[in-house]
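Heads up, the thing below is written out as structure tokens.
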Amino acid sequence: MTSQLIIEIIGAVLGKMGIVFESIEELEAPASHGMKRYVIKTGESGLLIGAKGVNFSALNHVVKKMVSKKTGGEEVRFVLDVNDYNKKIADELATKVTILRERALSLKADIELDPMSPFERMLVHTMCEGVANIKTESRGEGLNRRVVIRYIEHNQQPPVLP
């Protein structure tokens, strides 16, 4: 029922915005541990995504708040996407994270990434899970929030970053 509810809410929001869409597909999200990805197929992706993804971020926020309200405050984890916009970001980020993770291991040093959206930070944390000698943590606030890929010796607890 939750999947159908999410699709209905996305459709209703798009309808209120006057956005014409072809479909809303439910797929497996990349690097998500079973989280679902709802892909909106539309010819109006530029309008939905906006400059630097600002409109898309707002749409994502509104849809998630509406789903939370309809489910009685229950946290329902899912990823919203428009014409595979997030998938492309995830694919590019996967390549970058692999390189930076290897750099942290070879240099035995922490690597601080540029500020990222919450979605991108979640992907980085997920991509580094279970990698020996690597831990991730977020640092900063608001638009300056970023991920640090930390090199950790075996059996050593990482010091807390300021």
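Some notes on this structure:
- Under the condition of being at positive phi and surrounded by 14 or more Cβ atoms within 10 Å (Cβ to Cβ), the residues counted in the range 62-119 number 2.
- Test: residue in the range 26-43 that is part of a helix (DSSP H, G or I), at pLDDT 90 or above and of a type outside the set (D, E, K, R): no
- In the set V54, V13, only one residue is assigned to a helix (DSSP H, G or I), modelled with pLDDT of 90 or more and over 13 Å from the mean Cα position of the chain (by Cα); that residue is V13.
- Verdict on M116 being within 25 Å of K36 (Cα to Cα), at pLDDT below 95 and either acidic (D, E) or not in a helix (DSSP H, G or I) (or both): yes
Matching residues to (1) in contact with a Phe, Trp or Tyr (Cβ under 9 Å, 6 or more places away or on another chain); (2) not assigned by TED's automatic domain parsing to the domain that holds M127:
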residue: K64; (1), (2): yes, yes
residue: F78; (1), (2): yes, yes
residue: L93; (1), (2): no, no
residue: E102; (1), (2): no, no
residue: K108; (1), (2): yes, no
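The values are calculated or read from the model by the stated rules, or taken from the named source; none is laboratory data. All figures in this text were calculated on a predicted structure; none of them were measured in a lab. For neighbour counting, all protein chains shown are included, and Cβ atoms are generated from backbone atoms with ideal geometry for every residue, glycine included.
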